[in-house]
Amino acid sequence: MKEICYIIQKIMQAQVMSSHHPEISVIIPIYNEANNLAPLSARLSAVLEGGDYSFEVILINDGSQDDSLEKIRSLCAQSPNYRALSLSRNFGKEVAITAGLDQARGDAVIIMDADLQHPPELITQFIEKWRQGYKNVYGQRQDRATDPRIRVIFTQLFYRLVEKYGDVSLPSGAGDYRLLDRQAVDALLSMRERARFNKGLYAWIGFSSVGVPYTVESRAAGESKFNFSRLMQFALDGFMSFSSIPLKIWTYAGLLISGFALAMALYYWTRTMLFGVDLPGFPSLIVSITFFSGVQLISLGVIGEYIARIFNEVKGRPLYLVEETINYPLLDKKKPHITKEQS
Ligand code: UDP
Ligand code: MG
């Protein structure tokens with residue numbers, strides 16, 4: 001009888017354990033980071049295992065072409081706290097992060113890069129701030145010494161533009177490395193837009209926020225996935241998702257140019273009345289025609305960019321597709337199609 005009671009007690013305990021979710025989830029997007037995964041997990045595990053909370057680490061393989069997936073599999077085999085999902089192709093960092101957020105079960109979720117530019121040791125301070133009641137705790141990089149000079153210049157220009165003309169105010173130095181409370185995560189997940197600019201979304205959702213300063217380290221191995229054209233695309237996405245200024249600019253430019261043209265007409269009319277026609281007027285004609293054609297093409301292009309975005313959103317495709325999950329099934333509430341599952 002005693003034994004039966006003991007067994008029932010054990011089963012109930014196991015059920016409680018399995019329904020219990022970890023307090024902290026760490027999500028890491030991975031695209032060709034094979035050489036960084038072992039050092040990353042060593043440093044990360046040292047921090048997490050020393051903490052007084054339960055945790056899970058979710059690795060999102062964003063269609064890596066190197067053997068990142070193999071490395072992820074072996075990490076997951078070594079530790080039951082590590083879980084992974086592998087997307088069906090490269091969807092980009094912003095979407096990979098969203099996939100991780102979809103799957104995170106923690107009361108707080110930490111987002112970090114796989115290349116050790118985000119020191120895992122900062123997590124302890126993030127959690128401290130979270131326990132003090134902050135819901136949006138972001139790592140605030142102190143300097144950009146590890147970035148190429150040209151990137152620093154363009155990044156600053158971009159942030160100034162968004163600050164001035166965008167709908168959101170981005171805290172300086174805040175990136176993806178941050179902790180979000182469950183409430184903030186759910187708010188983020190309620191926005192399923194395709195052209196995702198997470199830094200804007202983090203700011204848009206609000207919640208009590210605080211920055212934790214840190215120094216960015218150099219990338220441990222491999223190279224940055226963001227080349228110039230990808231960064232430009234990223235900046236354009238960011239600016240267009242959070243501002244309609246590019247559309248308005250052309251209204252103002254149009255008004256200004258039309259005003260100028262009227263003044264010019266007045267000037268020519270007066271001159272003709274006073275001195276008569278001297279030149280056939282070919283140069284001014286060709287100059288103005290070319291100029292206005294240019295203005296029209298540019299404004300059409302800007303409208304086109306917005307329409308392309310609208311088109312992308314209305315197609316309503318899923319944000320990403322999952323090919324494989326490792327160490328746990330997908331959460332039910334999310335819809336991605338799984339084609340293969342490995343436990
Ligand atoms: N990343 C990703 N998908 C991509 C590009 C990047 O998941 O298409 C990941 C990458 O593996 C890394 C993080 O996003 O963990 C940041 O990338 P990276 O270091 O190249 O960006 P940077 O630090 O130069 O901004
Ligand atoms: Mg990096």
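Among the criteria (1) aromatic (Phe, Trp, Tyr); (2) away from ligand 1 (no atom under 16 Å from the Cβ); (3) in a helix (DSSP H, G or I), the one residue 154 does not fulfil is (2).
For (1) in a loop (DSSP other than H, G, I, E, B); (2) away from ligand 1 (no atom under 16 Å from the Cβ), each residue gets a yes or a no:
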{"site": "100", "(1), (2)": "no, no"}
{"site": "121", "(1), (2)": "no, yes"}
{"site": "125", "(1), (2)": "no, yes"}
{"site": "130", "(1), (2)": "no, yes"}
{"site": "134", "(1), (2)": "yes, yes"}
{"site": "143", "(1), (2)": "yes, no"}
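Among the residues making up segment 20-36, those that are more than 18 Å from residue 55 (Cα to Cα) and either more than 10 Å from ligand 1 (Cβ to nearest atom) or part of a helix (DSSP H, G or I) (or both) are 34, 35, 36. Report those helices (runs of 4 or more DSSP H) wholly inside segment 219-323 carrying at least 2 residues which are over 40 Å from the mean Cα position of the chain (by Cα) and on the phi < 0 side of the Ramachandran plot. Ranges flagged: 245-275, 282-314. Just one of the numbered conditions (1) among the small types (Gly, Ala, Ser); (2) closer than 30 Å to residue 238 by Cβ; (3) in contact with a His (Cβ under 9 Å, 6 or more places away or on another chain) is not true of residue 54: (2). Restricting attention to segment 91-102, which residues are under 21 Å from residue 231 (Cβ atoms) and more than 16 Å from ligand 2 (Cβ to nearest atom)? Residues satisfying the conditions are 91, 95, 98.
Here residue 137 meets the list (1) surrounded by 14 or more Cβ atoms within 10 Å (Cβ to Cβ); (2) more than 19 Å from the chain's Cα centre (by Cα) almost entirely, failing just condition (2). Across segment 121-128, not a single residue is classified as more than 16 Å from ligand 2 (Cβ to nearest atom), under 20 Å from residue 239 (Cβ atoms) and surrounded by 17 or more Cβ atoms within 10 Å (Cβ to Cβ).
Taking every residue in segment 91-116 that is among the aliphatic types (A, V, I, L, M) and pairing it with any residue that is within 8 Å of ligand 1 (Cβ to nearest atom) and part of a loop (DSSP other than H, G, I, E, B), at least 6 positions away or on another chain, the pairs with Cβ-Cβ distances below 6 Å are 96/62; 114/33. Which of the residues belonging to segment 103-120 are away from ligand 2 (no atom under 16 Å from the Cβ), at pLDDT 90 or above and not hydrophobic (A, V, I, L, M, F, W, C)? 107 - this is the single residue of segment 103-120 that is away from ligand 2 (no atom under 16 Å from the Cβ), at pLDDT 90 or above and not hydrophobic (A, V, I, L, M, F, W, C).
Out of all the residues in segment 26-43, is one or more touching a Phe, Trp or Tyr at 6+ places or on another chain (Cβ under 8 Å), farther than 23 Å from residue 180 by Cα and at pLDDT 90 or above?
Quick first cut of segment 26-43, residues touching a Phe, Trp or Tyr at 6+ places or on another chain (Cβ under 8 Å) only: 26, 41.
Right, trim to farther than 23 Å from residue 180 by Cα and you get none.
For segment 26-43, residues touching a Phe, Trp or Tyr at 6+ places or on another chain (Cβ under 8 Å), farther than 23 Å from residue 180 by Cα and at pLDDT 90 or above: absent.
Of the residues making up segment 180-201, not a single one is farther than 18 Å from residue 24 by Cα, in contact with a Phe, Trp or Tyr (Cβ under 8 Å, 6 or more places away or on another chain), in contact (Cβ under 8 Å) with a residue 60 or more places away in the chain and not in a loop (DSSP other than H, G, I, E, B).
Given the criteria within 16 Å of ligand 1 (Cβ to nearest atom), over 27 Å from residue 190 (Cα atoms), among the basic types (Lys, Arg) and assigned to a helix (DSSP H, G or I), does residue 160 qualify?
Details: within 16 Å of ligand 1 (Cβ to nearest atom): no; over 27 Å from residue 190 (Cα atoms): yes; among the basic types (Lys, Arg): yes; assigned to a helix (DSSP H, G or I): yes.
The answer is no for residue 160.
Checked against the criteria, residue 176 does not count as at pLDDT 90 or above and closer than 30 Å to residue 69 by Cβ. Determine if segment 230-239 includes at least one residue that is over 15 Å from residue 93 (Cβ atoms) and surrounded by 17 or more Cβ atoms within 10 Å (Cβ to Cβ). Scanning segment 230-239 turns up at least one residue that is over 15 Å from residue 93 (Cβ atoms) and surrounded by 17 or more Cβ atoms within 10 Å (Cβ to Cβ). Scanning segment 205-257 for residues that are within 13 Å of ligand 2 (Cβ to nearest atom), of a type in the set (A, V, I, L, M, F, W, C) and out of contact with any Lys or Arg (no Cβ under 6 Å at 6 or more places or on another chain) gives 220, 221, 226, 231.
The values are calculated or read from the model by the stated rules, or taken from the named source; none is laboratory data. Remember, predicted model here, so these are calculated numbers, not experimental data. Cβ: placed from backbone, ideal geometry, glycine included. Neighbour counts: every protein chain shown.
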